[in-house]
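**Student:** Below are the structure tokens for one structure; questions will follow.
The values are calculated or read from the model by the stated rules, or taken from the named source; none is laboratory data. As the structure is a computational prediction, the values presented were derived from the model and not from experiment. For neighbour counting, all protein chains shown are included, and Cβ atoms are generated from backbone atoms with ideal geometry for every residue, glycine included. Accessible surface is based on the protein model in full, side chains and every heavy atom, while ligands, DNA and RNA are left aside. Shrake-Rupley method; radii C 1.70, N 1.55, O 1.52, S 1.80 Å.
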Amino acid sequence: MYDGGKIIAGIIIGLLLLTFPIWYGLGRAAPKPDVKVPVKEKECVEPKAYMKNYHMQLLDLWRDSTVRVAKRSFIAFNGKKYEMSLQKTCMSADCHARKTEFCDQCHNYTGVVPYCWDCHIPPKEEPKRKPEEKH
Amino acid sequence: MAVNRRKFLKIGGASILAFGAKPAADALGISPTEWLDEKLGGFTIPETLLHLFRKPAGSVAGEALTAKRWAMVVNVRALDEEIAEACKEACHRVHNVPEIDNPKHEIKWIWQEEYEHVFPGQQHEHVDEALKKLPFLVMCNHCFNPPCCRVCPTKATFKRKKDGIVLMDMHRCIGCRFCMAACPFGARSFNWIIPWPRAGAEEERRFKGKEPPTPDYPTRAKGVVEKCNFCAERLAKGQIPACVEVSQELCKKKGREPALVFGDLEDPDSEVRQLLRLHYTIRRKPELGSHPNVYYIV
């Protein structure tokens with residue numbers, strides 16, 4: 001093998017560079033999402049496990065029903081009737097009143113950027129941690 | 001490929017069934033597409049399949065205003081500058097329509113227009129001067145045969161089958177602006193800039209007002225088309241459109257007949273139909289065959 005030493009050294013350096021993100025972050029995992037569930041309201045429109053896995057499909061169904069078919073109410077698993085509205089039902093004062101403490105926690109952790117808030121207005125939050133961040 | 005007896009009979013049988021579907025449907029009084037619509041509750045077939053294993057959505061809330069075909073009558077003679085401005089203000093407030101100074105970026109749902117622009121076909125050099133000065137209120141005509149819906153590649157704009165309102169689904173709009181080219185009334189506006197300030201969009205803040213006035217109605221994103229929705233969200237709550245409500249209050253105060261009237265065109269006893277019986281009314285560009293649902297008493 002010609003220039004064996006250089007090639008092997010190059011491969012090692014290359015591997016080190018490629019795996020940089022892995023060993024650089026070793027033992028320093030990002031903080032786990034700290035989701036605050038509403039205190040007042042005990043139940044969501046579906047059981048917790050369902051909401052955890054399928055809230056996006058549920059929101060899609062809500063959006064299509066409301067916008068396209070004008071069916072605006074939803075019978076929840078516990079028989080209660082809700083208005084299908086992200087701003088008025090999900091994010092109401094008694095439920096997920098703080099977007100930064102609920103939605104953003106997991107979405108930031110997993111790097112998911114839904115475009116809901118390009119149009120929908122998140123509830124007003126008085127600045128807590130970062131005073132310069134405004135919504 | 002030879003057609004044997006067996007195959008011939010098969011094709012013949014299928015053809016008889018196919019040609020028989022139309023008269024059979026006519027006899028039943030409902031077309032297959034209407035029947036399918038009813039069964040699917042307004043959803044398309046893929047949407048139904050998508051939602052098949054999930055909870056069905058509840059029905060319309062009891063208090064909603066419903067009609068077969070919503071229509072509006074604009075009595076221009078009862079309008080004045082002040083009422084027209086109040087209508088525009090009310091509409092733009094409840095729908096978070098931004099007021100942008102640059103006319104190229106302007107968004108409008110309802111606005112005042114001159115006679116010669118509203119009824120270009122009726123214009124001639126001897127038109128009454130008083131008529132030219134009247135504030136004609138124009139908005140989306142919610143056409144019975146809407147050209148915008150025909151051209152939309154994503155079905156983002158669609159005519160709601162149950163009451164004929166032409167709506168926008170902002171989630172689907174890709175901003176191609178075919179609908180703007182198709183609309184003969186210029187009723188649609190495009191969001192060239194982010195309409196309301198949000199984090200990271202400071203440089204785009206070239207408009208009056210700092211925050212959306214209504215937290216109950218969504219704003220729009222950059223790159224979507226928007227227009228009047230006949231206050232579909234208010235109808236669902238049992239309220240008449242914002243412009244109609246405001247104009248009727250003001251007209252009452254001024255002791256005039258109502259300038260804007262809203263109602264069901266299919267209901268012979270509705271206020272709209274009574275006005276159409278009483279007055280001679282015109283519609284915008286009827287020669288195009290889009291059948292606007294906004295009528296003008298001039």
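**Student:** So, in region A:61-75, how many residues would count as being within 14 Å of residue A:45 (Cα to Cα) and either open to solvent by less than 20 Å² (accessible area, probe 1.4 Å) or more than 7 Å from every other protein chain (Cβ to nearest Cβ) (or both)?
**Tutor:** The qualifying residues number 4.
**Student:** Would you be able to say whether some residue in region B:157-168 is over 24 Å from residue B:67 (Cα atoms) and of a type in the set (A, V, I, L, M, F, W, C)?
**Tutor:** no
**Student:** Filter region B:71-85 down to the residues that are surrounded by 17 or more Cβ atoms within 10 Å (Cβ to Cβ) and either among the hydroxyl-bearing types (Ser, Thr, Tyr) or part of a helix (DSSP H, G or I) (or both) and list them by number.
**Tutor:** B:76, B:78, B:83, B:84 - these are the residues of region B:71-85 that are surrounded by 17 or more Cβ atoms within 10 Å (Cβ to Cβ) and either among the hydroxyl-bearing types (Ser, Thr, Tyr) or part of a helix (DSSP H, G or I) (or both).
**Student:** Filter region B:118-149 down to residues that are assigned to a helix (DSSP H, G or I) and surrounded by 13 or more Cβ atoms within 10 Å (Cβ to Cβ), then give me how many there are.
**Tutor:** 6
**Student:** Tell me which residues, restricted to region B:168-189, are within 12 Å of residue B:226 (Cα to Cα) and either open to solvent by less than 20 Å² (accessible area, probe 1.4 Å) or touching a residue at least 60 places away in the same chain (Cβ under 8 Å) (or both).
**Tutor:** Correct list: B:168, B:169, B:175, B:179, B:187, B:188, B:189.
**Student:** Please verify whether residue B:257 is open to solvent by 20 Å² or more (accessible area, probe 1.4 Å) and away from chain A (no Cβ under 13 Å), treating the condition exactly as stated.
**Tutor:** yes
**Student:** Look at residue B:203 and say whether it is modelled with pLDDT under 80 and out of contact with any Asp or Glu (no Cβ under 9 Å at 6 or more places or on another chain).
**Tutor:** When the stated conditions are applied, residue B:203 passes them.
**Student:** Also: Looking only at region B:155-180, filter to residues that are in a strand (DSSP E or B) and among the hydrophobic types (A, V, I, L, M, F, W, C); which one of those is nearest to residue B:38 (Cα to Cα)?
**Tutor:** Out of the qualifying residues, it is B:158.
**Student:** Suppose the filter is away from chain B (no Cβ under 12 Å), under 14 Å from the mean Cα position of the chain (by Cα), surrounded by fewer than 20 Cβ atoms within 10 Å (Cβ to Cβ) and of a type in the set (A, V, I, L, M, F, W, C); does residue A:106 pass it?
**Tutor:** So residue A:106 passes the test.
**Student:** For region A:76-103, how many residues meet the condition of being of a type in the set (Ser, Thr, Tyr) and more than 12 Å from every other protein chain (Cβ to nearest Cβ)?
**Tutor:** 0
**Student:** Across region B:265-275, what is the total count of residues that are more than 25 Å from residue B:86 (Cβ to Cβ) and either of a type in the set (Val, Ile, Thr) or open to solvent by less than 50 Å² (accessible area, probe 1.4 Å) (or both)?
**Tutor:** Within region B:265-275, residues that are more than 25 Å from residue B:86 (Cβ to Cβ) and either of a type in the set (Val, Ile, Thr) or open to solvent by less than 50 Å² (accessible area, probe 1.4 Å) (or both) number 1.
**Student:** Does region A:16-34 include one or more residues that are at pLDDT 90 or above, away from every other protein chain (no Cβ under 12 Å) and in a loop (DSSP other than H, G, I, E, B)?
**Tutor:** yes
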